[in-house]
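None of the figures in this text is laboratory data; all of them are computed from the coordinates on show. These numbers were taken from a predicted model, which means no experiment stands behind them. Methodologically, a virtual Cβ is constructed for each residue, glycine included, from the backbone with ideal geometry; neighbour enumeration extends over all protein chains shown.
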Amino acid sequence: MIMHKAQNYTVESVTNGHPDKVCDQISDAILDECLKQDAMSRVAIETFGAHGLLVIGGELTSKAKIDPIKIARQVYSEIGYSDRLDIVTKIVQQSPDIAQGVNTGGAGDQGIMYGYATDETEDYLPFGLGLVHQLTKGLADLRTNGYQFLLPDGKAQITVENKKITTILISTQHTNDVSQEFLSQFLTENLIKKVIGDINDIKILINPTGIFLQGGFEADTGLTGRKIMVDTYGGLYPHGGGAFSGKDSSKVDRSAAYMCRFVAKNLVADALAKEALVSVAYAIGEAQPLMIEAVNEKGESLAYIVKEKFDFRPKAIIERLNLRQPIFRVTATYGHFGHSNYPWEQITNI
């Protein structure tokens, strides 16, 4: 496993009103409500939305008494949507075949998870990635702070060449009473310049089709877990393929990916690497990982340090990162990494 640092790349982020992110937030809100009532809840909830229809399905083993339809409607309204949804649910108990392995402390699934960190920025993420999340978060904040011509659905992209931003793209849903010219000027002055600063020599694209009136489930489908690159490292570094939202921390897709980021960040913070890429693999029902690897920017292995200092058994991860808390809905937007208040973002002494 060798890292190849990208010099030229594009990264993307989406607002909390993007259809996929609506689904992620609903799934994680259901998870949080289960954890509030029963910290030992096992949850795997998927949400699908399309054109007035919302389907919530999955597996749940918990003492919690929840109303997934009520939770979904509340999340949808809080995001900023008011259209009517027909909601269908199908939630059953976790398969006993899986449960018998998890009950003994084993992983809730097989798979490979990755974590990355770099000393390039204060948030230990690639230069463009933190900025593109700031653009979409800023776009949503403008809407909720009174600029009602901005509507919930939106996206942003940043293109970087040789550590310089060359292109910024903002696509935002809007009301029919604003012109393209006004929208471009408003977002350039009130969003892009405030996040980026000097925009000389940067190509700015605002709503390239010229109009974005329909958004959310009215215009497109949404699905839990479909923005895994937005959630992690923008496609610049590996992803094992497992999504995060709607899953409790017995699912190593989520918890082990958080642990890999925690370890990578601490390797860099402790000056053991300028960049670190950590990976781990599990067999379903087995507590001990099948593989743990970590490399620095030179491709040199740091696995011996990681194996000595960090415990990757699922229960140990949950305890170290305190992952039975109802903290997950907030993670469903603007990336799971780079936010200093998240437990897996804490810096410790190795």
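Computed from the mean reciprocal separation of all distinct C-alpha pairs, what Kirkwood hydrodynamic radius does the stretch 216-350 have, in Å?
Hydrodynamic radius (Kirkwood, Cα pairs) of the stretch 216-350 is 15.6 Å.
Compute, for the stretch 253-350, the length of the dipole vector about the Cα centre, with Cβ point charges of +1 (Lys, Arg) and -1 (Asp, Glu) only. Units Debye, rounded to 20.
300 debye
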task: Using the Karplus curve 6.51 cos²θ - 1.76 cosθ + 1.60 with θ = phi - 60°, work out ³J(HN,Hα) for each residue of the stretch 163-178 in order, rounded to whole Hz, and write x for Gly and Pro.
output: 6, 10, 6, 10, 9, 10, 10, 10, 10, 9, 5, 8, 6, 7, 9, 10
field: Pair-distance profile P(r), taking every C-alpha pair of the chain, with 10 angstrom steps and integer %
entry: 6, 25, 31, 25, 12, 2, 0
- prompt: What Rg and what Dmax come out for the stretch 281-350 when only alpha-carbon atoms are used, in angstroms?
  reply: 14.2, 38
statement: A correct fewest-to-most ranking of Met259, Met229 by other Cβ atoms within 10 Å would be Met229, Met259
query: Along the charge dipole of the chain, Cβ charges K/R +1 and D/E -1, which of Ile327, Thr175, Leu267 sits furthest on the positive end?
result: Ile327
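So how strong a dipole does the stretch 83-227 carry about its Cα centre when Lys and Arg Cβ are +1 and Asp and Glu Cβ are -1, to the nearest 20 debye?
Numbers: 12 positive and 18 negative charges, 14 e Å.
My answer is approximately 60 debye.
What shape does the stretch 148-230 take by its C-alpha gyration tensor, where a ≥ b ≥ c are the square roots of the eigenvalues and a/c under 1.5 counts as rounded, a/b above b/c as prolate, and the rest as oblate?
Working: a/c = 2.39, a/b = 1.23, b/c = 1.95.
It comes out oblate by the Cα gyration axes.
Where does each of Leu267, Leu31, Leu60 land when they are ranked from fewest to most other beta-carbon atoms within 10 angstrom?
If I rank by nearby Cβ atoms, fewest first, I get Leu60, Leu267, Leu31.
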query: Hey, if you put +1 on the Cβ of every Lys and Arg and -1 on every Asp and Glu Cβ in the stretch 252-343, which of Ser340, Pro289, Ala276 ends up farthest toward the positive end of that dipole?
result: Ser340
query: By what distance, in whole Å, do the Cα atoms of the stretch 1-73 stretch along each of the three principal axes, largest value first?
result: 50, 35, 17
message: Please list, in order along the stretch 180-192, the HN-Hα scalar couplings obtained from phi with the Karplus expression 6.51 cos²θ - 1.76 cosθ + 1.60 (θ = phi - 60°), rounded to whole Hz, x for Gly and Pro.
response: 4, 4, 4, 4, 4, 5, 4, 6, 5, 6, 9, 10, 5
- line: Taking max minus min of the Cα coordinates of the stretch 234-273 on each principal axis, largest first, gives extents in Å of 34, 22, 11
message: Taking a virtual spin label 7 Å from the Cα of Val178 along the C-beta vector, which residues in the stretch 184-199 bring their backbone nitrogen under 17 Å of it?
response: 184-195
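Which whole-number percent gives the relative contact order of the chain, counting Cα pairs below 8 Å spaced six or more residues apart? If you can, show how the numbers build up before the last one.
Working: 767 pairs, mean separation 100.1, N = 350.
Across the chain, relative contact order equals 29 percent.
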- prompt: When the Karplus curve 6.51 cos²θ - 1.76 cosθ + 1.60 is applied with θ = phi - 60°, which whole-Hz ³J(HN,Hα) does each residue of the stretch 283-294 get, with x for Gly and Pro?
  reply: 10, 4, x, 9, 7, 6, x, 6, 7, 9, 9, 8
field: 5 angstrom amide H check on Leu53, placed H, neighbours 5+ away
entry: Asp86
field: GNM flexibility winner over the chain from Asn207, Asn190, Asn16 (Cα, springs under 10 Å)
entry: Asn190
query: Among Gly49, Gly146, Gly235, which one shows the biggest mean-square fluctuation in a GNM of the chain, springs joining Cα atoms closer than 10 Å?
result: Gly146
message: Under the rule of at least 5 residues apart or a separate chain, name every residue whose amide H is placed under 5 Å from the amide H of Asp153.
response: Gln173, Gly216
- request: Identify, among Phe48, Leu85, Gly128, the residue whose Cα sits farthest towards the positive end of the charge dipole of the stretch 8-161, taking +1 on the Cβ of Lys and Arg and -1 on the Cβ of Asp and Glu, with the dipole about the Cα centre.
  value: Leu85
- request: Evaluate the charge dipole of the chain about its Cα centre and quote only its size in Debye, nearest 20, assuming +1 on the Cβ of each Lys and Arg and -1 on the Cβ of each Asp and Glu.
  value: 460 debye
query: Any idea what Rg and Dmax come out to for the stretch 176-269 if you just take the C-alpha atoms, in Å?
result: 18.9, 51
- prompt: Excluding same-chain residues fewer than 8 positions from Lys90, which aspartates and glutamates have a Cα within less than 15 Å of its Cα?
  reply: Glu46, Glu59, Asp67
Length released on extending from Thr221 to His339, taking residue separation times 0.36 nm less the Cα-Cα span: 39.7 nm
